[in-house]
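These notes are about the structure you will find just below.
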Amino acid sequence: MFEVPKKFDIDFGGVYRSIGRDAITAGIIRKHEELDWHGGGFPLFSVSVVLRGTGTYIDAAGHREPLCPGKLFFRIPGVSHSNLIDPDSNWLEFYLAFHFMKNTGGGEPHDAFLDYTEAGSPGYLKLKNMPDQDDSWVRSMCRHLFALDSQGPVRDINLSLELLNQCYDFLAYLRTAGDESQIALRALKLLTVILDSRIKGFSDEISDAVKEVIQANIKSNCPLPELLKDIPFSYPSLRRHFQMINGYSIGQYQIQCRMEKAVNMLSSGMSVKETAERLGYKNQFFFSKQFHQQIGFPPSVLKKS
């Protein structure tokens, strides 16, 4: 059983940062109340990692999922659920929560909600009524990470010292960071790390092989079926397996890798045009559009900062 190191066995509380008309909150907290949340849709989009303790997540249909160290669970705006905690289990969790608004044209911005619905597989998440012209970086991050997620609201992850260190470092950074654009990028990176820390089995060798090919051919414009032809499985089989293991598609992973490379290149002083060329984009306009869609602001903003 995973033992929480003394460094993290604290009630760090919550760090709140307002970023434009969006906001982010994160923290390490202890809980002792048996009823943590009951029945209603949560007002924020959040992810919690159980570090210690036991409890139960109950969805709107009454399905119960046990919670224990190494479990991750989402709270989704507008989605009814309940969360029970064993008050004697000395509960400790890390959480990361987002509050974001959307413009409706002509009036004050109001809360943007996520819709949770079935779409061919359990736990399909999609954004509802979120127009492309909405400039919320949180909305873009959620779309990038969760819009086609095939997993349910409770997940298994690999709880490790490395993961805890990254969560703790993010909290320390969030308290002092001055650049709003960098906060968004750091939050995106941490969420990716958490979701990538799923417990791996033997069959994940297939997923790892796909990732290696994608990373080695990051600037390739070759269609994915052709790019992955040397892996001894049909592309439809690869696609289904990869989605099941990782919770996102092969195409999403390819875009994610390109965006991470782009952030590093732009941060080191490379021009937008050269970054687009080195990542295999046919033109700078398409690269800038995709960067804006995935990260939440255009690459020129990162260059200025």
Within segment 234-246, can one find any residue that is over 23 Å from the mean Cα position of the chain (by Cα) and either in the same structural domain as Val154 (by TED's automatic domain parsing) or assigned to a loop (DSSP other than H, G, I, E, B) (or both)? yes
So, first residue within 18 Å of Gly280 (Cα to Cα) in segment 204-221, second residue among the acidic types (Asp, Glu), Cβ within less than 6 Å, six or more apart or across chains; the pairs are none
Among (1) at pLDDT 85 or above; (2) loosely packed, with under 15 Cβ neighbours inside 10 Å; (3) among the aliphatic types (A, V, I, L, M), there is one condition Ala60 misses while meeting the rest; what is its number? (1)
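For (1) of a type outside the set (Ser, Thr, Tyr); (2) surrounded by 13 or more Cβ atoms within 10 Å (Cβ to Cβ); (3) in contact with a Gly (Cβ under 8 Å, 6 or more places away or on another chain); (4) modelled with pLDDT under 85, each residue gets a yes or a no:
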residue: Val213; (1), (2), (3), (4): yes, yes, no, no
residue: Cys222; (1), (2), (3), (4): yes, no, no, no
residue: Glu226; (1), (2), (3), (4): yes, no, no, no
residue: Leu238; (1), (2), (3), (4): yes, yes, no, no
residue: Ala262; (1), (2), (3), (4): yes, yes, no, no
residue: Ala276; (1), (2), (3), (4): yes, yes, no, no
residue: Phe291; (1), (2), (3), (4): yes, yes, no, no
residue: Pro298; (1), (2), (3), (4): yes, yes, no, yes
residue: Leu302; (1), (2), (3), (4): yes, yes, no, yes
For segment 252-303, which positions are touching a helix residue (DSSP H, G or I) at 6+ places or on another chain (Cβ under 9 Å), of a type in the set (D, E, K, R) and more than 21 Å from Val210 (Cβ to Cβ)? Lys273, Glu274, Glu277, Arg278, Lys282, Lys303
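Is there a residue in segment 21-37 that is without any contact (Cβ under 8 Å) to a residue 40 or more places away in the chain and under 22 Å from the mean Cα position of the chain (by Cα)?
Within segment 21-37, not a single residue is without any contact (Cβ under 8 Å) to a residue 40 or more places away in the chain and under 22 Å from the mean Cα position of the chain (by Cα).
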Go through Leu44, Leu92 for me and flag whichever is within 20 Å of Cys167 (Cβ to Cβ) and out of contact with any Leu (no Cβ under 6 Å at 6 or more places or on another chain). Leu44
Answer yes or no: is there a residue in segment 29-50 that is touching a His at 6+ places or on another chain (Cβ under 8 Å), at pLDDT 90 or above, crowded, with 17+ Cβ neighbours inside 10 Å and among the hydroxyl-bearing types (Ser, Thr, Tyr). no
Could you list, in sequence order, all residues of segment 38-68 that are under 16 Å from Leu96 (Cβ atoms) and either in contact (Cβ under 8 Å) with a residue 40 or more places away in the chain or touching a helix residue (DSSP H, G or I) at 6+ places or on another chain (Cβ under 9 Å) (or both)? Pro43, Leu44, Phe45, Ser46, Val47, Ser48, Val49, Val50, Leu51
Among the residues of segment 69-88, the number that are surrounded by fewer than 17 Cβ atoms within 10 Å (Cβ to Cβ) and either in contact (Cβ under 8 Å) with a residue 24 or more places away in the chain or within 22 Å of Ile194 (Cα to Cα) (or both) is 4
Do the conditions hold for Ile231, that is, is it of a type in the set (Val, Ile, Thr), at pLDDT 85 or above and part of a helix (DSSP H, G or I)? no
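The values are calculated or read from the model by the stated rules, or taken from the named source; none is laboratory data. Keep in mind it's a predicted model, so treat the numbers as computed, not measured. Neighbour counts run over all protein chains shown; Cβ positions are idealised from the backbone, glycine included.
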